[in-house]
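A short worksheet on the structure shown next.
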Amino acid sequence: MTTETPARARASAGGAAPPPGEPRRPPRPGGRRRAAGLVKHALLTALSLLMIYPLIWLITSSFRPSEVIFRDPALSVEGLSLTNYSDGWTALASPFGVYLLNSAVLVLGTIAGNLFSCSLAAYAFARLRFRGRKLLFAIMLGTIMLPIHVIIVPQYVLFSHLNLLNTFLPLVLPKFLATDAFFVFLMVQFIRGIPRELDEAARIDGAGHPRIFLRVILPLMVPALVTTAIFTFINTWNDFFGQLIYLTREENWTAPLALRTFLDAQTASNYGGMFAMSVISLLPLFLVFLFGQRWLLRGIATTGIK
């Protein structure tokens with residue numbers, strides 16, 4: 001009967017024996033890493049549920065009677081009905097669809113204005129060489145730090161003299177003048193990532209700046225354009241302050257202004273109808289972000305072409 005040393009046994013089993021004098025490596029802590037990963041995922045799941053709890057409560061409360069919403073703040077599923085949706089849709093002077101349509105018209109106008117003006121301004125800053133370009137670009141970036149409350153009064157006076165109050169023009173017209181400096185900066189950074197060799201090749205073929213912008217730069221700017229459109233949609237759809245200032249007639253109200261009328265300090269507030277219409281108002285935002293998140297990530301990265 002022969003006996004094998006541990007090193008020879010490991011070698012015969014297919015394992016390499018450590019050289020003489022070399023300390024053995026401790027076993028990998030695979031179980032400990034798995035346990036840490038499980039704990040990490042459990043904590044992230046708990047935090048995610050905590051963050052979306054208000055949204056879940058909003059959706060659940062939209063199916064509950066108004067007198068029960070705050071009496072029982074738990075996520076109760078008893079007595080759910082669609083009464084809040086039917087009553088909230090017709091609770092105001094006009095059906096709620098009219099206010100959603102006003103918001104859609106306003107959003108389309110602001111998106112068109114930002115895409116048109118910001119792309120042209122970004123191309124000028126990124127590709128053209130003119131006197132004072134860096135100074136103007138710095139001034140433009142400085143406007144990002146200006147709060148809306150600083151410029152709302154002179155803008156209101158200006159549009160009042162132009163008799164444009166109670167129309168969508170005070171909210172749409174500035175977008176055609178590249179007033180959103182953030183989107184101009186975003187597109188400038190994206191255009192700078194596009195190789196200039198493409199411009200030079202088009203210029204050799206006799207193309208000028210308009211043709212280079214339309215045929216070369218603009219097709220490659222799709223991620224930045226989609227990102228601008230998504231952010232403009234979200235900002236305009238959720239805007240309350242600006243729309244409250246310029247839109248005072250009920251036929252021009254948007255969804256945020258209409259939701260505010262469900263609350264009344266003197267009589268009973270219709271919380272059930274407000275929650276139901278809030279859920280309907282959130283659906284466009286959810287769908288836009290769901291189908292545009294791929295382009296949104298590419299646009300924020302501003303990596304140019306691959």
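The values are calculated or read from the model by the stated rules, or taken from the named source; none is laboratory data. As the structure is a prediction and not an experimental result, all values here were calculated from the model. Every residue, glycine among them, receives a Cβ derived from its backbone with ideal geometry; neighbour counts consider all protein chains shown.
Some notes on this structure:
- Residue match in segment 101-109 (condition: outside any helix (DSSP H, G or I) and either of a type outside the set (Ser, Thr, Tyr) or buried (at least 16 other Cβ atoms within 10 Å of the Cβ) (or both)): no
- Lone unmet requirement of (1) within 28 Å of residue 73 (Cβ to Cβ); (2) out of contact with any Leu (no Cβ under 6 Å at 6 or more places or on another chain) for residue 269: (2)
- Scanning segment 130-151 for residues that are charged (D, E, K, R) and surrounded by 12 or more Cβ atoms within 10 Å (Cβ to Cβ) yields one hit, 133.
- Filter pass, residue 228 being surrounded by 13 or more Cβ atoms within 10 Å (Cβ to Cβ) and touching a Cys at 6+ places or on another chain (Cβ under 7 Å): yes
- Test: residue 200 is part of a helix (DSSP H, G or I), without any contact (Cβ under 8 Å) to a residue 24 or more places away in the chain and surrounded by fewer than 19 Cβ atoms within 10 Å (Cβ to Cβ): yes
- Of the residues making up segment 253-267, those that are touching a residue at least 24 places away in the same chain (Cβ under 8 Å) and either over 25 Å from residue 228 (Cβ atoms) or among the hydrophobic types (A, V, I, L, M, F, W, C) (or both) are 253, 255, 257, 258, 261, 262.
- Look at segment 228-252: where a residue is closer than 28 Å to residue 121 by Cα and touching a residue at least 60 places away in the same chain (Cβ under 8 Å) and a partner is surrounded by 20 or more Cβ atoms within 10 Å (Cβ to Cβ) and aromatic (Phe, Trp, Tyr), sitting 6+ places away or on another chain with Cβ atoms under 6 Å, you get 228/183.
Here is a yes/no grid of residues against (1) within 28 Å of residue 104 (Cα to Cα); (2) surrounded by fewer than 17 Cβ atoms within 10 Å (Cβ to Cβ); (3) modelled with pLDDT under 90:
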residue	(1), (2), (3)
153	yes, yes, no
164	yes, yes, no
167	yes, yes, no
170	yes, no, no
182	yes, yes, no
191	no, no, no
